[in-house]
Amino acid sequence: MMPVATAIPQFDLTRQYQQLQAVFTPITQAVLAGGGYIGGTAVAQFEQAFAEYVGVPHCISCNSGTDALYLALRALGITAGDEVITPAFSFIATAEAISLTGATPVFVDVEPDTFNLNLDQVVQRLTAKTKAVLPVHLFGRPVDMTALHQLAQARGLAIIEDCAQATGSHWQGQPVGTWGTLGCFSFYPTKNLGAMGDGGAVTTHDPQLAQRLREIKNHGQRERYNSVTVGINSRLDALQAAWLTAKLDYLPQWLSQRRALADNYQKLLANIPGLTLPQDCPGHSWNQYTITLQSNHINRDDLRPKLQQAGIGTAVYYPVPLPLQPVYEFLQYDKATIPQSFALSQRVLSLPLFPELTPAEQQQVAGTVRRMLGG
Ligand SMILES: Cc1ncc(COP(=O)(O)O)c(C=O)c1O
């Protein structure tokens, strides 16, 4: 079959740019004319605005969500010989950041209804080497942070929240990124708050960790040309910072549009045999709307090209669980050790969901899915 250009893409970043073009032009010109392209007031303003948005005293911006995770782990002193517990079903950056410190990622399975890490398994995988738990608020669905927080406190463990997909999510009314020792955000363009390039940030209540993060992200320098540790260069550009500050004003509106679309999908796709809809909860920010196709009905890999032929873009997040990827073969996990993650990797499909998706487009997506599944 010839590939068909999708009439309804899984996401479309150009629509948001069109909406903001007039806002961005003077902001861009001001930064470019000011000559301060690295650091400076635009970055400081964004860090303050994002810290206020999340509800923490400290926000340390950096180059990406991957760097945010790496910096957080380094700031906690996590290193070779340590173990960090994290879910098997996530984007590679989550585990990669752990490995980059020299520590070992210890993978636990996820719950099929929340897509998030199974807390009983976290308890089972604790050892004397466990230094931290790194939960992922996958697809914007917040992890049960009350239970995880209690567990971590009882065992003296740090929590590093991977909030890459969850800017604006809450657990029991409290924003993600404020529950853990450190919160790590990505501003990759398709995230809830997306830059026009790469960007990331770490949030924390702890002033000492904040200072340590600032040192590590800036070549380990405490003062200029006086490095106290081995660091990296991880900066959010002034232009990205200025655009993100402007976009922050629109975030509440975009989050309500995401929620309205998700609510609508739940209605439009209800009661289709073989189809499991994502579980809603208060504080879900719906970065993705991910359906699960049951194995005894239509296969995900059959449905996806048919939707593509019908002009509907979809995505598979994620086709291979982290411990089953070649990079982690040496850890010797087997799909039987992470059965839910493996099953999800074969069955999940993320439908178009972005704030600017129109009701007519959504009707078309849902109607096509229903027709193809014989609902
Ligand atoms: C769960 C998760 N963690 C970390 C990252 C890394 O973020 P970035 O792409 O900004 O490095 C991503 C980005 O896709 C992600 O989805």
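Only one residue in Lys247, Lys217 is basic (Lys, Arg) and in contact with a Cys (Cβ under 7 Å, 6 or more places away or on another chain), so which one is that? From the options Lys247, Lys217, the qualifying one is Lys217. If the condition is being within 13 Å of the ligand (Cβ to nearest atom) and on the phi > 0 side of the Ramachandran plot, then the range 67-108 contributes no residue at all. For the range 26-45, state whether one or more residues are under 26 Å from Thr314 (Cα atoms) and of a type in the set (A, V, I, L, M, F, W, C). No - not one qualifying residue is present in the range 26-45. Output yes when any residue across the range 31-47 is under 26 Å from Gln174 (Cβ atoms), within 16 Å of the ligand (Cβ to nearest atom), at pLDDT 95 or above and in contact with a helix residue (DSSP H, G or I) (Cβ under 7 Å, 6 or more places away or on another chain), and no when none is. Yes; the residues of the range 31-47 include at least one that is under 26 Å from Gln174 (Cβ atoms), within 16 Å of the ligand (Cβ to nearest atom), at pLDDT 95 or above and in contact with a helix residue (DSSP H, G or I) (Cβ under 7 Å, 6 or more places away or on another chain). From the list Ser285, Ser295, the lone residue that is touching a helix residue (DSSP H, G or I) at 6+ places or on another chain (Cβ under 6 Å) and over 21 Å from Ile38 (Cα atoms) is Ser285. Put simply, of Ala238, Ala260 the only residue that is more than 16 Å from the ligand (Cβ to nearest atom), over 25 Å from Ala93 (Cα atoms) and not hydroxyl-bearing (Ser, Thr, Tyr) is Ala260.
Quick check: is even one residue across the range 272-287 in a helix (DSSP H, G or I), more than 19 Å from the chain's Cα centre (by Cα) and crowded, with 18+ Cβ neighbours inside 10 Å? No: zero hits.
The residue that is nearest to the ligand (Cβ to nearest atom), counting only those in the range 120-142 that are under 22 Å from Leu324 (Cβ atoms) and of a type in the set (A, V, I, L, M, F, W, C), is Val136. If only residues of the range 144-178 that are closer than 14 Å to Gly55 by Cα and away from the ligand (no atom under 16 Å from the Cβ) are counted, the one that is surrounded by the fewest Cβ atoms within 10 Å (Cβ to Cβ) is Gly173. Of all residue pairs spaced 6 or more apart or on separate chains, those with beta-carbon atoms under 6 Å, a first member in the range 175-193 that is within 17 Å of Pro57 (Cβ to Cβ) and a second member that is of a type in the set (D, E, K, R) and crowded, with 22+ Cβ neighbours inside 10 Å are Val176/Glu161; Gly177/Glu161; Gly180/Glu161; Gly183/Glu161; Cys184/Asp162.
Under the condition of being buried (at least 17 other Cβ atoms within 10 Å of the Cβ) and within 20 Å of Thr101 (Cα to Cα), the residues counted in the range 126-143 number 7.
Name, by its number, the condition in (1) in a loop (DSSP other than H, G, I, E, B); (2) modelled with pLDDT of 95 or more that does not hold for Thr292. Unmet condition: (1). Within the span defined as the range 203-218, every residue fails to be buried (at least 18 other Cβ atoms within 10 Å of the Cβ), within 14 Å of the ligand (Cβ to nearest atom) and β-branched (Val, Ile, Thr).
When Ile92 is tested against (1) surrounded by fewer than 19 Cβ atoms within 10 Å (Cβ to Cβ); (2) more than 14 Å from the chain's Cα centre (by Cα), exactly one condition is not met: (2).
Just to be sure before I move on: is Gly55 at pLDDT below 95 and more than 14 Å from the ligand (Cβ to nearest atom) in the structure I sent? No, not satisfied.
Applying a threshold of 7 Å to beta carbon distances and a minimum spacing of six or more residues, or different chains, the list of pairs starting in the range 64-76 at a residue that is under 14 Å from Asp206 (Cβ atoms) and in the same structural domain as Ile159 (by TED's automatic domain parsing) and ending at one that is part of a helix (DSSP H, G or I) and away from the ligand (no atom under 11 Å from the Cβ) reads Leu71/Leu213; Leu71/Ile216; Leu71/Lys217; Ala75/Leu209; Ala75/Arg212; Ala75/Leu213; Ala75/Ile216.
May I ask you to verify whether Lys191 is part of a loop (DSSP other than H, G, I, E, B) and either within 13 Å of the ligand (Cβ to nearest atom) or at pLDDT 95 or above (or both)? Criteria met by Lys191.
What about Trp286, is it aromatic (Phe, Trp, Tyr) and not assigned by TED's automatic domain parsing to the domain that holds Val365? No: the conditions fail for Trp286. Among the criteria (1) in contact (Cβ under 8 Å) with a residue 40 or more places away in the chain; (2) surrounded by 13 or more Cβ atoms within 10 Å (Cβ to Cβ), the one Arg259 does not fulfil is (1).
The values are calculated or read from the model by the stated rules, or taken from the named source; none is laboratory data. Computed from a predicted model, the values in this text were never measured in an experiment. All Cβ positions, even for glycine, are placed from backbone atoms using ideal geometry, and neighbour counts span all protein chains on display.
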